[in-house]
Amino acid sequence: MSQPAGAGYQQEWLDEARCLMHVQSSHCIIRLVGLVTTARPMYIVTELASRGSLKDCLRSDDVFAHADMHTLLNICAQVD
């Protein structure tokens, strides 16, 4: 019997959510607030990213002008 359409995607999503729950620390780029898994679509709820998307933030010269080397290395270590 084959899996219903989207079952593989759902499992990948749940695996990602489990990973996020385990990597929370004071050095995370963005904090996980919660997960909604009882209804469809499922959601990952994070804190507000006041600077916009990570991609836009990292492309901004402003981020590098105000961060020390330790902070930049922490960010690099968290981006897979």
Review point. Could you give the length gained on full extension between V45 and R31, defined as 0.36 nm per residue of separation minus the Cα-Cα distance, in nm?
Key: 4.2 nm
Point to revise | Virtual spin-label span in nm between L54 and R18, 7 Å along Cα→Cβ | key: 2.0
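Just so you know, all these numbers are worked out from the coordinates, no wet-lab data involved. Note that the structure is a prediction, hence the values are computed from the model and not measured. Cβ sites come from the backbone with ideal geometry, for glycine too, and all protein chains shown count toward neighbours.
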